[in-house]
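Worksheet for the structure shown next.
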């Protein structure tokens, strides 16, 4: 569990474990890799920016003296990049004990991924969906293993727009973001059900409101009014990236969670999800659409 100070306090030795953390050259992801490195894990930093990732990787290696920290390029806004990453990873490793789908984008004007997906849905859900499915074989082989999907409290105001999933008829940046975060939980719960009995668990979490680069696309905060008056008011209630990483570490490493699956955590505790996140019909709709859009080979998943 996490202490009152918000730190994952269980002492674990992760030597021999192979872990992927997406979006890990900064913020929550970087802090997650840092702690995993301290605990002896072999970690793959899956990031878009090679230079930033290499700088972060060297910093972590120098501090922890763990040489088993690696970088492989991954752009979740490109399904070709996802497939290439998986191919590169499988050429280097035949095991995977934990997949942490940490990377995400937040807010901003409507734009499209390489395949034409609305940016937030594509990067926050479609890319991780394909990545996860393509790595299921290694996760099964390495069981007990875990899949951790970072969602958000924003899922509570989200809805899956079945008639306009790609926001082509109308677009709201907050609506698209909350839809993508709801998709994270629906995917997690459906995945957990399909993987029952395999030794692979899937859980989602809300890291808290964290002062990371996600805020760079919140245009209101970038205005002079936002910078002068609003930002100083909300910062005392915003977590540091190190604090924000604690629930990820808890979900990935706590020994008591080895068989726990299909849950949603916040501050290292299970939390109730919004009613929309428990809708099995919507979860199956989203799965079918995600399978179709990404071409993911889901035949290896149960059910």
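The values are calculated or read from the model by the stated rules, or taken from the named source; none is laboratory data. All figures in this text were calculated on a predicted structure; none of them were measured in a lab. Positions of Cβ are generated from backbone atoms using ideal geometry, with glycine treated the same way; all protein chains shown enter the neighbour counts.
The set of residues from the range 174-208 being in contact (Cβ under 8 Å) with a residue 24 or more places away in the chain, at negative phi, out of contact with any helix residue (DSSP H, G or I) (no Cβ under 7 Å at 6 or more places or on another chain) and surrounded by fewer than 24 Cβ atoms within 10 Å (Cβ to Cβ) comprises 174, 192, 193, 194, 195, 196.
For the subset of the range 124-149 comprising residues that are outside any helix (DSSP H, G or I) and in contact with a strand residue (DSSP E or B) (Cβ under 6 Å, 6 or more places away or on another chain), which member is surrounded by the fewest Cβ atoms within 10 Å (Cβ to Cβ)? Only one residue fits best here, namely 143. Any residue in the range 83-109 that's within 18 Å of residue 297 (Cβ to Cβ): show its pairings with residues that are assigned to a loop (DSSP other than H, G, I, E, B) at Cβ separation under 7 Å, as long as the two are six or more apart or on different chains. Every condition considered, the pairs that remain are 85/74; 96/142.
Going by the structure shown, is residue 250 under 20 Å from residue 189 (Cβ atoms), assigned to a helix (DSSP H, G or I), at pLDDT 95 or above and touching a strand residue (DSSP E or B) at 6+ places or on another chain (Cβ under 6 Å)?
Values: under 20 Å from residue 189 (Cβ atoms): yes; assigned to a helix (DSSP H, G or I): yes; at pLDDT 95 or above: yes; touching a strand residue (DSSP E or B) at 6+ places or on another chain (Cβ under 6 Å): yes.
Against the criterion (under 20 Å from residue 189 (Cβ atoms), assigned to a helix (DSSP H, G or I), at pLDDT 95 or above and touching a strand residue (DSSP E or B) at 6+ places or on another chain (Cβ under 6 Å)), residue 250 qualifies.
Just one of (1) touching a helix residue (DSSP H, G or I) at 6+ places or on another chain (Cβ under 8 Å); (2) not in a helix (DSSP H, G or I) fails for residue 171. It is (1). Go through (1) buried (at least 18 other Cβ atoms within 10 Å of the Cβ); (2) out of contact with any strand residue (DSSP E or B) (no Cβ under 6 Å at 6 or more places or on another chain) one by one and return the number of the condition residue 152 breaks. Going through (1) buried (at least 18 other Cβ atoms within 10 Å of the Cβ); (2) out of contact with any strand residue (DSSP E or B) (no Cβ under 6 Å at 6 or more places or on another chain) one by one, residue 152 breaks only (2).
Here residue 256 clears all of (1) part of a loop (DSSP other than H, G, I, E, B); (2) under 20 Å from residue 200 (Cα atoms) except the condition numbered (1).
Does residue 296 fit the bill of being farther than 21 Å from residue 8 by Cα and not in a helix (DSSP H, G or I)? Walk me through it before giving the result.
Values: farther than 21 Å from residue 8 by Cα: yes; not in a helix (DSSP H, G or I): yes.
In short, yes.
Between 115, 73, 92, 54, the distinction of being farther than 22 Å from residue 27 by Cα, at pLDDT 95 or above and in contact with a strand residue (DSSP E or B) (Cβ under 8 Å, 6 or more places away or on another chain) belongs to 92 only. Checked against the criterion of being modelled with pLDDT of 95 or more and either assigned to a helix (DSSP H, G or I) or farther than 29 Å from residue 9 by Cα (or both), the candidates 229, 205, 186, 235 yield just one match: 186.
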